[in-house]
Structure formats: structure tokens, C-alpha cells
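What follows is calculated from the coordinates using simple rules that are stated; it is not laboratory data. Since the structure is predicted, the reported quantities are computational estimates derived from the model, not experimental observations. Counting neighbours? That spans all protein chains shown, and the Cβs are built from the backbone with ideal geometry, glycine included.
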Amino acid sequence: MSKKHHSHEAMRHHLHPFSDNAQLQKEGVRVIVKAKGVYIYDENKQKILDAMAGLWCVNIGYGRRKLAKVAKKQMEKLPFYNTFFKTTHPAVIKLSKKLIDITPPQFNYVFYTNSGSESVDTMMRMVRHYWTSVGQPDKKVIIGRWNGYHGSTIGAASIGGMKSMHTQGGLPISNIVHIEQPWYYGLARANETEEAFGLRAANWLEEKILSIGADKIAAFVGEPIQGAGGVIIPPETYWPRIQEICQKYDILLVSDEVICGYGRTGQWFGYQALGFEPDIFTMAKGLSSGYLPIGAVLVNDKVAAGLLAGGEFNHGFTYGGHPVSAAVARANLSILDKEHIIQRVHDQTGPYLQKRWAETFKPFKYVADVRSLGLMCGFTLVKNKHTKTLWPNWGEAGLICRDLFFKHNLIMRACGDHIVAAPPLIITPDEIEQMLAIARQCMIEFETIMDQRQTSASPA
Ligand code: PXG
């Protein structure tokens with residue numbers, strides 16, 4: 001059986017996520033067979049630089065034997081037990097202790113899930129349960145943001161602000177509303193400073209609260225930096241003002257740390273880098289560096305007190321706090337710690353990437369809004385950067401660009417016409433240079449393609 005045949009065979013049975021499956025059946029997919037460090041390898045022995053860390057998750061890089069050993073040992077000793085009915089196990093006890101150690105002192109309680117979506121859904125049920133248990137059952141509305149991404153379950157997709165998801169299946173569910181995202185390049189007024197825009201964008205939250213009534217609102221949820229929305233980094237004034245507004249109206253502030261958590265921004269958590277303190281934060285991905293599925297929700301003492309007073313919380317997942325995932329997550333956190341990986345992102349590779357990312361992409365004529373923080377970076381493809389004119393069909397240019405990267409063995413992501421990268425946190429300056437050299441060549445090719453399109457589209 002030929003290798004190409006092999007990939008088509010497999011595809012016949014698999015409905016791929018976020019994919020046009022009919023088109024995939026025609027085009028075929030690449031089969032990834034192994035990985036090491038920042039590289040993945042396909043079945044045709046092509047070495048591909050994974051500048052997306054899997055799906056923003058393989059923070060410690062691929063091929064860590066230690067994690068395999070820990071999983072094996074745990075699987076042999078206790079492959080599964082639940083924590084529902086007056087039982088627990090050492091793996092989850094130790095992981096909880098570790099999580100409490102790495103977070104600020106007001107965070108002392110953790111609830112386990114298996115994914116980011118489950119963490120977000122858990123948080124949504126939790127905040128409503130909290131307000132009921134403290135005697136304010138009418139506080140049910142949760143505010144999210146347009147272009148935010150919080151997962152694919154019905155709750156998480158509702159609080160997320162992806163309109164393409166809402167239109168499939170009648171979302172959002174009730175008591176969910178959205179405000180606009182803090183995207184300076186796209187939404188600032190002429191001559192508005194970043195600082196002023198940050199405050200104005202945060203004040204959209206206050207306007208929304210006042211239009212609904214603070215006594216109806218349970219929580220505001222946001223990613224410190226919007227990831228799947230295109231690495232939208234808000235101005236410095238944004239998050240502190242959001243926090244002020246939440247405090248003023250007694251609304252719980254939730255940071256979705258599924259992407260920003262575990263070192264991506266050069267701090268343990270994104271809220272630390274963006275200058276605010278949430279009441280609750282949701283996590284997954286980097287918690288285990290993607291080696292096994294695990295997610296969690298951490299709550300501060302105020303929320304914990306309400307939950308503890310509220311009687312039974314009728315919520316939980318069979319595999320929440322799974323022993324093997326918990327043991328692997330703890331080993332992952334030890335590696336992040338012992339190898340000073342987050343410190344290196346903060347002091348060395350983050351600033352290095354920021355400088356070189358800007359130098360590489362700013363000169364391109366179809367590139368605007370070049371941005372980065374820690375090891376999370378992006379830019380936007382535009383038709384005219386002087387007039388800030390976007391390409392007519394949002395996402396089309398992004399796909400052309402992403403497919404060029406892919407063809408040249410580099411994985412970067414297109415979020416509409418935002419191009420983003422989030423490599424494993426162990427990437428070295430040399431590997432950053434390799435990534436940028438490939439990307440630069442692809443951008444030259446991209447601009448030629450777009451020039452040709454414009455010439456052929458213009459009237460003779
Ligand atoms: N919150 C945030 C901030 C996320 O980025 C989720 C929740 C949901 O996590 P799970 O584990 O349920 O997928 C995410 C997930 C992409 C991409 O292509 C991003 C995510 C997932 C898949 C693809 O950018 N983020």
C-alpha cells in the first residue's frame with residue numbers, strides 16, 4: 001500500500017475538527033508520525049518546524065522521556081480511580097499541592113476537567129452556583145467578547161465570540177452576551193492613543209453592565225491575549241480597567257488561561273503579564289504540555305467560600321483528575337520549573353522573538369500590526385497598510401499564506417487574515433531564526449501571488 005493511499009484510507013473514517021471534510025477527502029492530509037523538540041515528522045520523513053506547539057500546548061517540547069516514564073509507572077500502579085464518592089488518590093493530591101504552590105496565595109482550590117472546553121463549561125456552571133449560594137440567584141448573565149475563543153462545547157462556544165460557530169446550531173444559549181474585542185489596530189479611532197483606546201474598550205464592559213443591570217450579571221470572561229482570535233494583545237490600560245469595573249459592580253472576573261497559562265507570555269499565567277488578578281481561572285493545554293488531556297479551574301478564596309457554603313455542586317467528569325494525566329501534569333510542571341523555561345521565555349527568547357519578528361515582517365507591504373508578547377506573536381495581512389484596508393474576503397489571504405508555510409515545512413496558523421505563531425517554549429534563538437527564514441521566503445511568495453491576483457483582477 002502506498003503511503004499516500006495509507007493517508008486516504010485513514011481519512012475515509014475520520015471527521016476532522018474545524019475542517020471542510022468533503023474538501024479534505026479530495027485533497028488528502030499529512031500523516032504525522034513522530035516528534036522531537038520543536039519538530040514534527042510526517043510519514044514521508046519530512047521534518048516540519050512546529051511553530052504552533054501542537055495546538056498552542058506542547059510547551060516543554062516533544063519527546064520528553066520523563067513524562068512517558070511517569071505515565072507508565074502511574075498506569076501500572078493505579079490506572080484509574082475517581083474522586084466523586086469520598087475518595088481521592090496521591091497523583092491528584094500532589095498535583096493540587098503543586099498548583100496551589102505556583103499560584104498567588106488567594107488561590108487554594110482546584111476543580112479538574114479533561115479539556116479547555118470542559119474547564120470553561122465548569123466555570124460557567126460554577127459562577128452561577130456561586131451567586132445562588134451567596135443569595136443572589138438572579139446574577140446569571142456571563143459576558144464574553146466577540147472573536148474570543150473558549151472551546152467547542154455548547155457553553156464554551158456560546159461564551160466564545162466566534163460568529164461562525166454561533167450560526168451553526170443556534171448559539172449562544174441564554175444569558176450570554178458579548179462586548180467588542182480590544183483590537184487597537186482594527187478598532188481605534190483616528191489619532192486615538194493605545195492607552196486611550198484600551199480604556200475605551202474596557203468601558204464597553206461598563207456600558208454593557210449598565211444596560212443589563214449589575215444585579216443580573218455573574219461574570220466577565222476573557223483570554224488575557226486572544227489566542228485563536230489572532231493573538232490580539234490589548235493595550236496595557238485595558239485589563240486593569242476591566243478589573244476595576246468588575247470590582248465596582250461586584251462581578252466575578254475570569255481569566256481563560258488555556259493558551260496564555262504555563263509560560264506562554266513569559267510568566268506562569270497570562271493575567272500576571274497583563275496586570276490583573278482574576279477571581280477564577282480556567283486552564284488546560286500547557287498544564288500537561290499536551291502529553292495527556294487534563295484541564296482545571298482554580299478559584300480564589302472568595303469564590304471558594306461561596307462554593308463551600310453552597311452544598312453539593314452537581315457537576316463532574318468521569319476522568320476529571322485522572323491519575324495518569326495528573327501525574328504527567330505534575331512532571332510537566334517540574335520540568336518547567338527545573339529547567340527555568342518560563343524565565344528563559346521572559347528574559348531571553350521572548351524579547352529575542354519580539355525583536356526579530358518585527359524586523360522580519362514589518363518591511364512587507366501587505367503586513368500590518370506586527371505584535372508579540374512572550375512566545376505568542378502575530379501580524380495581520382492587509383491590502384493597503386497606509387489606508388488600513390483589509391483584503392475583501394476575510395480569511396482568504398490568511399489561508400493562502402498558511403498553506404505556503406505548510407508547503408515549506410513550517411506550521412504557523414491563520415486566524416482569518418491574522419497570521420500567528422506560538423512555538424514550544426524550549427525553542428532556541430537558532431530555531432527562531434530557522435522559523436523566520438522559512439516564513440520570510442513564504443511571505444515573498446505570498447506577496448507575488450497577491451500582486452498577480454491584483455493585476456489580473458484590475459480592468460484592462
Ligand atoms: N479556551 C481557550 C482560550 C482556548 O484557546 C479552549 C478554551 C478550549 O480548549 P479545548 O481543550 O477544549 O480545545 C481553547 C482551545 C486554534 C485552536 O486553531 C485553538 C484552540 C483549540 C483548537 C484549535 O487556534 N483553543
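Listed highest first by mean packing, meaning other Cβ atoms within 10 Å per residue, what order do 318-326, 356-364 come in?
Working: 318-326: 22.3, 356-364: 16.3.
Going from most to least packed, we get 318-326, 356-364.
With 10 angstrom as the radius, rank LEU307, LEU381, LEU399 by how many other C-beta atoms surround their C-beta, starting from the fewest. List each step's numbers first, then the result.
On the way: LEU307 19, LEU381 28, LEU399 13.
Taking fewest neighbouring Cβ atoms as first place, the list is LEU399, LEU307, LEU381.
Within a 10 angstrom radius of the beta carbon, how do ILE259, ILE176 rank from fewest other beta carbons to most?
ILE176, ILE259
Would you please put 387-397, 417-427 in order of how densely packed they are, using the mean number of other Cβ atoms within 10 angstrom per residue and starting with the highest?
Result, highest mean first: 417-427, 387-397.
Could you tell me the distance between the Cα centroids of segment 142-205 and segment 103-129, to the nearest Å?
Measuring centre to centre over Cα atoms gives 21 Å.
What is the ratio of the Cα radius of gyration of segment 85-163 to 2.2 N^0.38 Å, where N is its residue count, to two decimals?
Dividing the Cα radius of gyration by 2.2 N^0.38 Å gives 1.31.
Per the Debye formula with a single identical scatterer at each Cα and no solvent contribution, what log10 I(q)/I(0) holds for segment 371-420 at q = 0.18, 0.21, 0.27 Å⁻¹?
With no solvent term, the Cα-only Debye profile gives -0.58, -0.75, -1.00.
Report the semi-axes of the equivalent ellipsoid for segment 15-132 in whole Å, largest first, where each axis is √(5λ) for an eigenvalue λ of the Cα gyration tensor.
34, 22, 16
Filter the cross-link list LYS77/LYS338; LYS34/LYS77; LYS26/LYS163; LYS34/LYS285 down to pairs whose alpha-carbon distance in this structure exceeds 22 Å. Could the numbers behind the result be given before it?
Details: LYS77/LYS338 26 Å; LYS34/LYS77 27 Å; LYS26/LYS163 27 Å; LYS34/LYS285 19 Å.
From LYS77/LYS338; LYS34/LYS77; LYS26/LYS163; LYS34/LYS285, over 22 Å: LYS77/LYS338; LYS34/LYS77; LYS26/LYS163.
So, in Å, what gap is there between the alpha-carbon centers of segment 259-273 and segment 303-335?
When both Cα centres are located, 20 Å separates them.
For the chain, what does -39500 (n - 2.57) per DSSP helix run (n ≥ 4), summed and divided by total residues, give at 222 nm, in deg cm²/dmol to the nearest 500?
About -13000 deg cm²/dmol.
Would you mind getting me the FRET efficiency between LYS355 and GLU194? Use the beta-carbon distance for r and R0 = 25 Å, nearest 0.05.
0.85
How much FRET efficiency would the formula 1/(1 + (r/R0)^6) give for ASP347 and GLN434, where r is the Cβ-Cβ distance and R0 is 35 Å, rounded to 0.05? Walk me through the numbers before you get to the answer.
On the way: r = 21 Å, r/R0 = 0.61.
So the FRET efficiency works out to roughly 0.95.
How much length is gained on full extension from ASP250 to ILE93, taking 0.36 nm per residue of separation minus their Cα-Cα distance?
Details: separation 157, 0.36 × 157 = 56.52 nm, distance 3.23 nm.
Extra length available between ASP250 and ILE93 comes to 53.3 nm.
Take the Cα of ILE154, step 7 Å along the line toward its Cβ, and report every residue of segment 300-320 whose backbone nitrogen sits under 19 Å from that point.
Once the point is set 7 Å along Cα→Cβ of ILE154, 314-318 turn out to lie under 19 Å by backbone N, inside segment 300-320.
Cβ neighbours within 10 Å, averaged per peptide: list 137-146, 192-201, 116-125 in order, most packed at the top.
116-125, 137-146, 192-201
So what are the chain's ellipsoid semi-axes, whole angstrom, largest first, if each one is the square root of 5 times an eigenvalue of the alpha-carbon gyration tensor?
35, 29, 21
Full extension from PHE85 to ASN21: what is 0.36 nm times the residue separation minus their Cα-Cα distance, to one decimal in nm?
Between PHE85 and ASN21, full extension yields an extra 18.9 nm.
What Kirkwood hydrodynamic radius do you get for segment 322-460 when you take the inverse of the mean 1/r over all pairs of distinct Cα atoms, in Å?
Final number for the Kirkwood radius of segment 322-460 is 16.6 Å.
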